[in-house]
C-alpha cells in the first residue's frame, strides 16, 4: 500500500483541493483594496493627476492623496522607487476597487505563465506525478496568497525573472537582461541576480542590465523630476533596513534578524539578546549577507551551460533573504529554486528508491515556506523564544544550502 502512495489519483485529488482553496481565497481577497496595492495605485494616480512626485515620500501628504483618491480607512508607507508608478499607470484612471480586481487578474495570469515557463525549463510535465505534486505545492504556497491579498507585484517580478532564466539558458543577451532591468525599475529589485551576471563572467549581460536601468531612469526623468529621485534617496534608500520598525519579525531577512537581536528600542525592540552599537550591528548584517551571497555564487557555479539554470535560480532566491526588507510575499521568488530542487530530488529518489537527509531537509523547508506559521506574534518575545520568530528565513537559508550541496554531489 505504501509503495503506491501517493498515487496519481491521490495527487490529482490533492491538486484539485488545493486549487479550489486557492480559488476561494483569491475570490475573497481580490475585490478588497489593501495596503501595498494602495501604495502602487496612489503612486500611479499622482503621476496621472500631474502631482509633484517629489512630495510622494512625505507620509502625511501621500496619505492625504490616498483619501482624496477614494480609499478610506487605509494608510500606507511610500517607500518604493519612483519608476514603480509606471507599472500601475495604465490602471490609475479606474476607481481603486476596479483597478485592484484588474490588477489581481493580471497577477494571476503572470503567476500562471511563470509556472508554465519554469515547468518547461526544468522538464516538468503536468501529466506526470511530479508535475501534479508541484502544482499542488504552488497552490498552497503561502507567499502567493499574501501576494494576491495585498495586491503585490511579486507575481510580475517572478514572471520577469522566469523570462530572464529562459534568456540565460538560451544565451540570449536581451531576453536575459531586459526583464531584470524592468524588475529593478518596477520594484528596485534584482541586485543579487545582477551581481551574479558579473560573478559568472557574463560582463556584457551585466553591462546591458545597467544600461537598461540608466536609460529607464533618464527616459522618465521629465515625468518624475530629479527632486523625486533625490527625495527617494534621502528618505528611503539612506535609511533602508536601519529603522526599529525594519527589525519587525515580519521581515524575514538576515538584516532583520541581526537588527532584532542586537538593537534596543523601547517601543519595537525592548528585549535584545545583546545591545550593540548601531555601526557594529550594520557591519555584522552586511558581513553575513556578503558571505551568504559569495558562498551561493561559488558553490553553485553558473559558468558552465548545464549549471546556469540552478545557479541563477539560487541567486534569485538569495536576493530575498539578503534584502534589507522582505516580507512573506517576497518568498514567491523562491519558486524557481524550489521547483528545480524538487525535480532533481524526486528523480534521485526514483533512481535510488531511498530517502536521504537532503530530501528530509527539503521537505521540512518547503513545508515551513508553504504554510502560514504565526511567527509575527513573537515580535516581543525575549531570548531564546525570539529565535522561533524567523521560520521563513531559516527555511530559505536551508534551501540555498541544499542548492549548494546538490552541485557538489
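Read-outs: derived from the displayed coordinates by stated rules, not from any lab. Quick caveat: nothing in here was measured; it's all calculated off a predicted structure. Positions of Cβ are generated from backbone atoms using ideal geometry, with glycine treated the same way; all protein chains shown enter the neighbour counts.
Per-structure values
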quantity	calculated
Taking the C-alpha atoms of region 187-299, convex hull volume expressed per residue in Å³	127
0 to 90° range, to nearest 10: angle between helix 154-170 axis and the chain longest Cα axis	60
Size-normalised alpha-carbon gyration radius of region 100-252, reference 2.2 N^0.38 Å	1.20
MRE, 222 nm, helices only [DSSP H, n ≥ 4, -39500 (n - 2.57), over the chain, to nearest 500]	-21000 deg cm²/dmol
Volume of the Cα convex hull of the chain, divided per residue and given in Å³	146
Relative contact order [Cα under 8 Å, 6+ residues apart], region 240-409, whole percent	28
Degrees between helix 357-370 axis and first principal axis of the chain (Cα, 0 to 90, nearest 10)	40
Neighbour-count ranking [beta-carbon atoms within 10 angstrom, fewest first] of 35, 260	35, 260
Convex hull of region 282-409 built on C-alpha atoms - directionally averaged projected area, nm²	8.8
P(r) of region 219-367 over all Cα-Cα pairs, binned every 10 Å from zero, in whole percent	10, 27, 29, 22, 9, 2, 0
Likely footprinting exposure, 100, 267, fewest C-beta neighbours within 10 Å first	267, 100
0 to 90° range, to nearest 10: angle between helix 308-321 axis and the chain longest Cα axis	50
Quotient of Cα Rg and 2.2 N^0.38 Å for region 1-114, N being how many residues it contains	1.45
Part-to-part distance (alpha-carbon centres) for region 121-156 and region 186-210, which is given in Å	26
Residue order, fewest to most surrounding Cβ atoms within 10 angstrom, among 338, 27, 75	27, 75, 338
Length-normalised contact order for the chain - Cα pairs under 8 Å, 6+ apart - percent	17
